[in-house]
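Scroll down for the structure; my scribbles are underneath it.
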Amino acid sequence: MLLVLAPLPPMPGFRSVLLPLKAVLGFPAGRGGYGCPRNAEGTHEERLIEPQDDTTEHEHADARVPLRMRRRPPHPRATVLVLHGGQETSERPARPWQLAALRMNPVVRAVIAELPHQDVLVAQVRYRLRGWNGDRADPVRDTLRALDALAELTGPVPTVLLGHSMGGRAALRAAGHPLVTGVVALAPWWPPAEPVEQTAGRRLVALHGERDHVTSPTETADCVRRARDEGATRAGLAVIADGDHGMLRRHRFWHDTAAALVAHVLAPTTAPDPLPEECYGAGASPVLL
């Protein structure tokens, strides 16, 4: 008996699997390779992992916490400080190419495109470690040092903190810094009894995915209510229908809404609020379709 084996269909290559993820993370699909598009001279430039066209580093004298400058006008009169996510416990060094950091790249680009005026500095905190690490709260220490470093660079300009997941928790804890006027939190990790008294006199707005199985929309809603009771100037929450923790589902909606919120918190009288007024009330948080 003659056995004829039909050839197997070709398996999808690594490139075809990775391309959709690249689109969500905001990577351009240049021919220079993943994260390394070719420039006009035909050489590689690693703009995605280490942007070089608009990025410099400033290290606080004794803290060794560099700031990654995403946009630096000559005379800034406001600042946006971005905080990415991390892990509950980890002593591993934080790296700019870890997924939690890369995930904020398209968010930062959307924020820059939506700025209410051109003299806004946009920077990103570089944590020393990947973990929150219990009572040490390492990302909070890094954020406060980064804010002090910004104060040295810019003077006392109003600053909005934009944080995702663990970065949202660090942003909330650092809200009492003299520079901070508002916090925008994306899928924040706000455990029960998280302190909120530092939000008095500040704006606090959160977006949370309806299908988030990592952090809790219910705990976020409780935190917003308590901040409102503690004297936050304006505190609100919106739930994104079908949204997940990584902001991958409906990613464009996440990016656009976060950018519009940052613009509004920076300039509440000129940049419109993308959220309905019900988000700031005492009732159930509305679901954004």
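Give me the distance in nm between label points sitting 7 Å out from Cα along the Cα-to-Cβ direction at Arg109 and Ala284, one decimal.
That separation, rounded to one decimal, is 3.7 nm.
What are the ³J(HN,Hα) values, in whole Hz, obtained from phi via the Karplus relation 6.51 cos²θ - 1.76 cosθ + 1.60 with θ = phi - 60°, for each residue of region 149-160 in sequence order, with x given for Gly and Pro?
So the Karplus estimates, Gly and Pro as x, are 5, 5, 4, 5, 7, 10, x, x, 9, x, 10, 10 Hz.
Scan around Gly236 for amide H atoms under 5 Å from its own, H built in the peptide plane at 1.01 Å from N, and keep only partners 5 or more places away or cross-chain.
Residues meeting the amide H criterion: Leu204, Val205, Ala206.
Ranking request for peptides 222-233, 161-172, 92-103: highest mean number of other beta-carbon atoms within 10 Å first, then the rest in descending order.
Values: 222-233: 19.4, 161-172: 28.4, 92-103: 16.1.
Going from most to least packed, we get 161-172, 222-233, 92-103.
When the Karplus curve 6.51 cos²θ - 1.76 cosθ + 1.60 is applied with θ = phi - 60°, which whole-Hz ³J(HN,Hα) does each residue of region 270-280 get, with x for Gly and Pro?
Karplus-based 3J(HN,Hα) across region 270-280 equals 10, 9, x, 7, x, 9, x, 4, 4, 5, 9 Hz.
FYI, it's all coordinate maths here, none of it is from the lab. Because the structure is a prediction, the values reported are computed rather than measured. Cβ atoms come from the backbone with ideal geometry, glycine included; neighbour counts cover every protein chain shown.
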